[in-house]
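The values are calculated or read from the model by the stated rules, or taken from the named source; none is laboratory data. Since this is a predicted model, take the numbers as computed values, not measurements. Note: ideal-geometry Cβ built from the backbone for every residue, glycine included; neighbour counts use all protein chains shown.
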C-alpha cells in the first residue's frame, strides 16, 4: 500500500486531520491524476 | 464539515524559488478545515522535512520552525492567483472558487512581511 502521512492540526480548539500521499494514483476518490 | 476535500497543493510558480519545496503534495482533509489549518499544516510539514534533512528533530524545534507563515492562493481567470482568507473553510473555498469535481488546486508562498 502507498505511504500516507497523517497529521492533526489544531487551531482555536478545532482539530482537523490531513492525509498526504506521495503519489496521487489511487489516492483521490473523484479524479485520477494523469 | 462531514465532506472530504481533496487538494493538489503546489508552490506558487513565481513567488517560490525553484528549489524551495518543489514537490507537489496530494492532500485529503475534512471540509471544515480552514485555509489557516492548511497553512499551519504546510509550515509543520516543511519544518519537519527541513529538520530531517539537517539531522535535527526535537519537538521544540518543530514548534519554533513551524511558526513561518504561508499565504495560500487559488488560480482564477486569466492566470491570476487569488489570496484566500485564512478563516474560510476549504468547503467554502471549493464552492466559491473551484466548483468542479476534481481535486482543488491550491498554491502556497511565504507570507510577505509589510
Can you pull out the residues in the range A:1-13 that are more than 7 Å from chain B (Cβ to nearest Cβ) and at pLDDT 85 or above? A:3, A:4, A:5, A:6, A:8, A:10, A:12, A:13
Every residue from the range B:56-114 that is touching a helix residue (DSSP H, G or I) at 6+ places or on another chain (Cβ under 8 Å) and assigned to a loop (DSSP other than H, G, I, E, B): B:57, B:66, B:67, B:68, B:69, B:84, B:85, B:86, B:87, B:88
So which of B:94, B:30, B:3, B:66 ends up being exposed (fewer than 12 other Cβ atoms within 10 Å of the Cβ) and either more than 10 Å from the chain's Cα centre (by Cα) or more than 10 Å from chain A (Cβ to nearest Cβ) (or both)? B:3
If you check residue B:45 against the conditions, is it more than 13 Å from the chain's Cα centre (by Cα), under 18 Å from residue A:20 (Cα atoms) and either assigned to a helix (DSSP H, G or I) or in contact (Cβ under 8 Å) with a residue 40 or more places away in the chain (or both)? no
